[in-house]
Each structure stands twice: as C-alpha cells, then as structure tokens.
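Taking it in order: structure first as structure tokens, then the write-up.
Just so it is clear, none of the values below were taken in a lab; they were calculated from the coordinates. As the structure is a prediction and not an experimental result, all values here were calculated from the model. Backbone-built Cβ (ideal geometry, glycine too); neighbour counts: all protein chains shown.
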Amino acid sequence: MHILELPREIQLLILSILDVSSTLALRQTCEFFQILTSDTFTWIKKFREQEKIHPVDLRYASGFGSAWPTLSELAPAVKLNQRTAPQWIKTRENGPVKLTSRPSPFMGLKILQDRWLICAYNNGSIQVWDLDDHDADLVDAGHPPPTLFLETTPSGQFWTAFSAAVEGDEITIALTRAAGDPTVVLFCTISLISREFSAIEFAVPGGWIKNIDPLHNVLLLATPDSLLIFNYISKQHQTWQIPQGSGAVYEGILDAQFLGPYVLAITTRAVFFIPFYPNVIPASASGISPEVHLAISHSRRLDFLQSTFRSAVLGGSAQRKYGPGRCDYFITIMAYDVFRGLFRFTLTCSLSPDSDTPSLEMSQTGLYSISNIAPPPMAPPPESPQSLLASRNDELHTPTPTPTVPSSLQELPNPSARGFVSTFSIGLQGKRALWVERQRGNTIRKIHVWDASLPLPSSDDPLFPPMSSARIYTINSFDLSDDRIHCALAELTGRIVLGDRAGRVDILDLNRL
C-alpha cells in the first residue's frame, strides 16, 4: 500500500517519527505533504523535542506561553532552532562586526529578549542596540547589521555597576556609583515604543546593583558580605548578612538574582537562598501563598566543596508552575576557579505550599579544565556520595576550613593553570554558554562555546565530568586595552557580543547559510 493511501492517523504517526530536517524536506516534495505537515500537533511535538536541549522562543515553551500556539507561530520558531543549532558550534568564517561604541571604559554588556543589547559605560552613558534577529527568515539572508536604538549622554560621574531588565514595552536600567553608605542609584527607563528616556537619582542604604525586578519595583544590591532588597516605590528594604564564622575563608558575593519568594546568591564558596519580607514584595506577587510566604524564615545554603570561585554567573532561571502555590525553578550556574577551570552546575528548586522550606538539588555537570595537571581523586562528602555539594541550614552551618594544597600537587613541578578565562557568559535558558580563554606566553585569545546538545566526552572520573566545548574563533590581542573582558550572547539566535577594556564592542555572527 502506498503511503498516500494510508489512513491519515497512520500518516501522522509516521510524520511524528521524522526529525525536523526530514519533516521540512518532506514538506517541499508535493502539495499533499505540504498539507499533511501543516498539522499543528506535529509542529508542537517537534517544538517540544527541541526545547529539551536547545534554547527556544519562550512565548511557546512549556509552562511559559500559550498552551496551544498556532502553526504560523510554531513553524518559524522550529525552523530557526533547526538552522541555528548546528551553526552555533561551528567556526565563525566571518570576522566580527565592530559597533560604533564610545571610546570609554564600560561596565559591561547585557542582552535582553535576544534582541536588545545594552552597553553601559563608566561615565554614565548608555547605548541600546537593536539586534533585530529573531525572525527565521533572517537566518537565510544573513544577520542584519545592528542599529543604534538609543544613546544617552555621559552623566559626569563615575559609575561602577549596572543591571538591566525588560518588562512589557519598557527597558529598565539601574547604575550605581559606589558601594558606600549611602549608594547613589541612577534609575533609567526607556520606552520601546516612543524611545522616550527618563532618569532619576536616589540614594539607597548601600551596595552595588546586581538585579532588577521591574514587575515588583525592586532592586537587588550587594556589598562584599551582604544583600539589600530595595523597593523603589515604597522605599522599604531588607538587608541580609552572609554568616562569616571564625577562621572561615572570607566569602564575597559574586552574583545574585530573584527567584520567586527567594533571592538566589552565589558567593566564592556557596549558594544561598534568602527569603525576602512581604513588606518589600507582596506575597501575592511571589507565586506562593501568603501563609507559606510568612512561614519562610530562614535561608538555605549549598556549599561548593574544595573550590573557591573568583567569578560566577547565574543563568537558565526557567520556571514551571504546577497548580496553586507550587512551582519549580531550574538554574544553571557557571563559576570560575583560577586554578582548576570553569565549572557548570545545575540546580533545581521546588517550592510547595505543603512546606516552608524549598527542596533543593544541585550537582556539578561539567568542568572545562585549564590546569596543567589533572585534579587528584577527591572523596565525596559522606552525606552525599554522588554530589560535590553539601546542604544545610544557616543555623547548622559550620565554617568551611581553609583549603590546603594536597601533597600530590606540591610534589609536581608546575601545579599552575595553562592560562585563564578572561570573561564568560551563559544564556538565560542555560542551554548555551561562551567564554574567552587567554593562554600564558602568547597573544592568542580563544573563544569557546558550549551547547547542551553536545555529547559528553568520555571520562573515568564521575566527580569531574568534562564540559564539551567548541572553539569557534581566535583573536590576537597585543595590548591589554583590547583584551576581551566582557561578553554576552543572544542564546536563541546565536549572536555573540564581545567588549574590551577600552569600551569597543564587537558582534560575532553565525555563518551565513
């Protein structure tokens, strides 16, 4: 029997087995298969398969957007994912596109919604670039050049930190000038419709900006040993101090972000979950019942064992809701140890109305080693044989002892790293990442990327699973001023943004098809 003579349900069953490439090829053979492959449920299935390992448009992802997106919405999204995925790990054939940036040192880069590139400079000026690269058809034609959406003038002051967020049709940007008491905040809003820009200054009790939640009108600021949650409408605030035990290694805050009714903070040696007070953010806005919100009274701590990190970024804060008051968060963490390399951790946090304490699970899922030597065998902690992490409440926490160099390392001639990672970033969905490695004794800067779909290299050490990566570009840097010390990525479309010490910004695109 010919396939055209089979019942429609059998044809659709066969179609569901095909991968995306085969489905797209079949769609172009004749009018019959073009109509058959227009079945919405087939494309939903293809999209759900992609989102397991690839970043996808969150408007149609499980637990985020519409439960039943239309074919006209899904088909371009699936095509974009199919074309971007293999290109992400390929060597970039074209050189970077240089943006017309300010010749001034800048604080950093941030990409919002895979489209809006924010460049914030120490002199207080801000550039917003429209990457405009979220249409599947643009992949065939090559990436369009970014356009400067808005640029502000320098404020005349020296700013030290910034954060940005987008909510609806408005971008919110906050700059902080110092981490003293008080700290001055430059609070800016930009309309994506009218391009109207407004800015005000106000003082907060202390800290530099780490995160913004414009939906709930709060800023998250940090000092080396404390966090401040500040509601810029009500002026209410909450301060949380990192517990520092006698003789413990000093723990400074590296990154922090909001996570439901908690703040997730990563320090040099641990991850903390800190509850915020209902008078700072209403309990009804946190996605959990008021009774449970008030019952949350203590923070949680997860220790990184045998590592002290110099820098870390939080990404992949995906949320799934399962009924009233119950939601799970999935977070990817990348942290850099100057002696051992770049680590990747995955963390799951479950909040339930049946418990006042979140359920936490975290494990090391990758290591990009930059050591000249392999790490010595390490015994896992007795309370968690399969994990590199220990979990406890703050009130039960004992100080982490000062790390010592094992004798096996002391006996080796050169227990050092072959180079260092100058900057790294991870996508908002935690499925793609990039870093720049600078090797000792030469001018080469290697740009590496990671993708969740990459197969894991073989390893005999279950405690240190290697992290697969692909080197996609090499840059020669002859001067410290052109060292790439900032980076960002548009995870969905594969665009990479690099910034150097002098404030110059480059865009590294995928190869044209």
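In this structure the amide hydrogen of Arg495, modeled in the peptide plane, comes within under 5 Å of the amide hydrogens of Ala490, none closer than 5 places in sequence on its chain.
Each label was represented as a point 7 Å from its Cα along the Cα-to-Cβ direction; for Thr348 and Asp132 these points are 4.2 nm apart. In this calculation the C-beta distance from Arg501 to Ser234 is compared with R0 = 25 Å, giving a FRET efficiency of 0.05.
Want the number for Arg8 to Phe158: 0.36 nm per residue separation, take away the alpha-carbon distance, what's left?
Numbers: separation 150, 0.36 × 150 = 54.00 nm, distance 6.69 nm.
Taking 0.36 nm per residue and subtracting the Cα distance, the gain is 47.3 nm.
Using bins of 5 Å that start at zero, the share of Cα-Cα pairs per bin across segment 53-127 amounts to 3, 11, 15, 16, 15, 13, 13, 10, 4, 1, in whole %. Bridgeable lysines around Lys90 (alpha carbons under 17 Å apart, same-chain partners fewer than 8 residues away excluded): Lys431, Lys446. Modelled this way, with points 7 Å down the Cα-to-C-beta line, the labels at Val97 and Asp19 are 3.0 nm from one another.
Listed values for segment 157-171 are Karplus-derived 3J(HN,Hα) couplings in whole Hz (6.51 cos²θ - 1.76 cosθ + 1.60, θ = phi - 60°), namely 10, 9, 9, 10, 8, 8, 8, 8, 8, 10, 9, x, 9, 9, 9, and x replaces Gly and Pro. Net charge in the neighbourhood of Phe33 (other residues with Cβ under 13 Å of its Cβ; Lys, Arg +1, Asp, Glu -1) is 0.
At most 11 other Cβ atoms within 10 Å and a DSSP loop assignment: could you name the trypsin sites (Lys or Arg not before Pro) in segment 157-230 that fit?
Values: sites: Arg177, Arg195, Lys210; in loops: Arg177, Arg195.
Hits after loop and neighbour filter: Arg195.
Multiplying the residue separation of Asp39 and Glu361 by 0.36 nm and removing their Cα-Cα distance gives an extension gain of 112.1 nm.
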